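Heads up: the structure comes next, in structure tokens.
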Amino acid sequence: MPLSTQSQADADQYILIASLDNARNLSNILKAISLRDHAIFNATQNGLKVTVEDSKCLQANAFIQAEIFQEYIIKEDAVGFQVNLTVLLDCLTIFGGSTVPGVCTALRMCYNGYGYPLTLFLEEGGVVTVCKINTQEPEEPIDFDFCSTNVTNKVILQSESLKEAFSELDMTSEVLQITMSPSHPYFRLSTFGNSGNAHYDYPKDSDMMELFHCTSEASTCKYKMSLLKPSTKALALSCKVSVRTDSRGFLSLQYLVRNDDGQICFVEYYCCPDEEVEEE
Amino acid sequence: MALKVGYNFTLFYLNKYFLTLVFVANKHLCLVFGKAVHALSRIGDEIWLDPLEKGLAVRTVNSSQSAYACFCFTPLFFQQYIPDPDIRKDCEAVKCKLNMKCVLPLFRCASWRERSVDKCEISINIPNSRVIFQFHCRHGITKTYNLGYQECEALQAVFPAHLCPNVLMAQSKLLGDIVVHFPVSQEEVTLSISSFKVTLKTFCEEENNCIKGMNTELMLHPDEFDYFQVGEDSAVTFCLKELRGLLSFAESYGLPVSSQFGVAGQPISFTVKDMTLEAHVVLSTLTDPNHESPSQPAPGDDCPVNILKTSTAEVSTCEGPMETEVCIADGEQVASSQGSDVFNPTPHMRKMIQLQTPGEMLPRLRLAPESALTTPVTPATFKVRSLLFGAVYTNGMDSKTVDLPSLACASDTEED
């Protein structure tokens, strides 16, 4: 339902308008990638892509397709800007976390273009809030050059099984080691903490394992725990996750997320391997 | 004898040089074990695993050595028994000490474990000094935790329960209902017994302090107890906090709790038993200030935990970083593990909790159903730790040898 305070004249100057009946469909996904303060927005005809990066080693992306929005108007091929993600999330949840069924915050997000702030119109129960968030020049997201042809190993798991493991990970371990092998242990997460090692093994015939594709060689790579631990948020929202490594040892985690209305969005994480390890 | 719990104990011998003990437990025992670990974590920061011939003993002691707890899991049957006596001796020589902080998280979410865990294997890998907990979960998922352990002497408390004049046994529900009235922060309580009543009340150090805060007093008629024996009227004061773990364990399984104690100053023991396990908590009690001196130990007897043994003293200490830092000077008021500043762990207690070298002739824990921790009485191994006579060190310990003497166990203890 379009916000009645919006006049037609104003609408003409915006180069991007995205409206949602339920702002949580955006805020939940953005929380899943909220590693850092700043997020790069890149809107195209297909939808919205939001990117957050950490120390040039980790990149998290959220994809919200145009179809998710009740209204999605874009007047240029690509619209890009950078905003403070923490501030954006605070605004999206400005009415508090209402859990009363049927009551949700409606959102209309508008952008005039380069140099203009991002304008949010939020409405709940007849109360309207207008937020204008300063935008910055968008940085170019790192291209991890992760393409399917280089993928050596891939598994798709139901998230439920990984959620327990990730929530229990030994945080005294500096690294999380991921092993994928055509033979036992098939798919293994390992930590090396102060008290000892822990291994979580997922056999290829487990009913949690939807796809197991491993080349003839086993691969074992280590990733900094501090980089990967935040991905637990995305994992918590998702129902399925795909884990892929490529020949360089780069890791791609892709999460299939269903929002409140049952629509599908994707979140993905790319991570560089911890430098000490040789990729086998 | 019907199997109450279907689980197997397997002592598994791989080869002479790489010895791994394996205890396999099904879902139920895994839960029970987890609850036992929780109960132990309320007392101490370290957990001792002691694979005995007749089962796995899991023990802890608090930093001031005023509380000791032991859960002994007995096997209902062996699937495999180590035939070679040499290897068996090596097995029994393994004593592992683990940090409680490492073990407790493995058993944290009881409800999750109940749903997801099918089987738990506990192995001890001696060459690598690792205890391995492996959980076989739903969907074929396996979780393996390799925890490094410290080789140490055994922790064992010798508590001749049969010498206690006072014995009480009650359903855990009754005890739970009683202790719920005491605030969780309440540390010390006084248990008084006479022929016609049992009283449990808040302990006040001085009469004046009783005015401040809330004081609780409960009186029970002997009929409330399943078993009531009063040999000597007494009032013993102990730390309630350290008992709560055992009580909630007992309540989870609806098991009765029995208690053996004497007069003030003598340790009080609480026992929970069933066919598959035996759990004890032994707590020191405050000495009666009017009858102080005879029980004071010799001045040279400081720091029983850290200091190592002289030929007469009982052994204590474990080398290594996991050594407890508490140094208890006798006569001094020391902090109990919870920071209370009035509790003085009595010398009796310290003598009772001894860390023994493997080379000694250990009195084996006999798991006879009727008695609590009693030592097997054999001429060669009998060590007098009589509480009635206060501190007694056996002089037989002067010729202590560290290597495994041939005169150990085999001939002297009552092996089957």
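The values are calculated or read from the model by the stated rules, or taken from the named source; none is laboratory data. Quantities reported herein were computed from a predicted structural model and do not represent experimental measurements. Reconstructed Cβ throughout: ideal geometry from the backbone, glycine too, with neighbour counts over all protein chains shown. We work out accessible area using only protein heavy atoms, side chains counted, and drop any ligands, DNA or RNA first. Shrake-Rupley method; radii C 1.70, N 1.55, O 1.52, S 1.80 Å.
With respect to (1) away from chain B (no Cβ under 11 Å); (2) closer than 21 Å to A:CYS272 by Cα; (3) without any contact (Cβ under 8 Å) to a residue 40 or more places away in the chain; (4) open to solvent by 30 Å² or more (accessible area, probe 1.4 Å), the lone exception for A:PRO182 is condition (2). Here region A:193-210 is the region considered, the condition is being in contact with a strand residue (DSSP E or B) (Cβ under 7 Å, 6 or more places away or on another chain) and open to solvent by 70 Å² or more (accessible area, probe 1.4 Å), and the residue that is nearest to the other protein chains (Cβ to nearest Cβ) is A:LYS204. Yes or no: region A:190-200 includes at least one residue that is on the phi > 0 side of the Ramachandran plot and over 23 Å from the mean Cα position of the chain (by Cα). Yes, because at least one residue in region A:190-200 is on the phi > 0 side of the Ramachandran plot and over 23 Å from the mean Cα position of the chain (by Cα).
Would it be correct to say that A:VAL175 is β-branched (Val, Ile, Thr), touching a residue at least 60 places away in the same chain (Cβ under 8 Å) and open to solvent by 10 Å² or more (accessible area, probe 1.4 Å)? Quick ask: steps written out before the conclusion?
Details: β-branched (Val, Ile, Thr): yes; touching a residue at least 60 places away in the same chain (Cβ under 8 Å): yes; open to solvent by 10 Å² or more (accessible area, probe 1.4 Å): yes.
Here the answer is yes, as A:VAL175 does meet what is asked.
For region B:198-210, the candidate set comprises residues that are at pLDDT below 70 and under 17 Å from B:SER185 (Cα atoms); within that set, the residue that is most open to solvent (accessible area, probe 1.4 Å) is B:ASN209. Can you find a residue that is within 14 Å of chain B (Cβ to nearest Cβ) and crowded, with 19+ Cβ neighbours inside 10 Å anywhere in region A:142-156? Yes - at least one qualifying residue is present in region A:142-156. Of the helices (runs of 4 or more DSSP H) lying entirely inside region B:81-179, those containing at least 3 residues that are within 14 Å of another protein chain (Cβ to nearest Cβ) and either at pLDDT below 75 or over 26 Å from the mean Cα position of the chain (by Cα) (or both) span B:110-116.
Across region A:83-124, the number of residues qualifying as free of Cβ contacts under 8 Å to residues at least 24 places away in the same chain and open to solvent by 60 Å² or more (accessible area, probe 1.4 Å) comes to 8. Is it the case that B:VAL58 is modelled with pLDDT under 90, of a type outside the set (Lys, Arg) and part of a helix (DSSP H, G or I)? No: the conditions fail for B:VAL58.
All of (1) surrounded by 19 or more Cβ atoms within 10 Å (Cβ to Cβ); (2) touching a residue at least 40 places away in the same chain (Cβ under 8 Å); (3) more than 20 Å from B:ALA67 (Cβ to Cβ) hold for B:ASP233 with one exception: (1).
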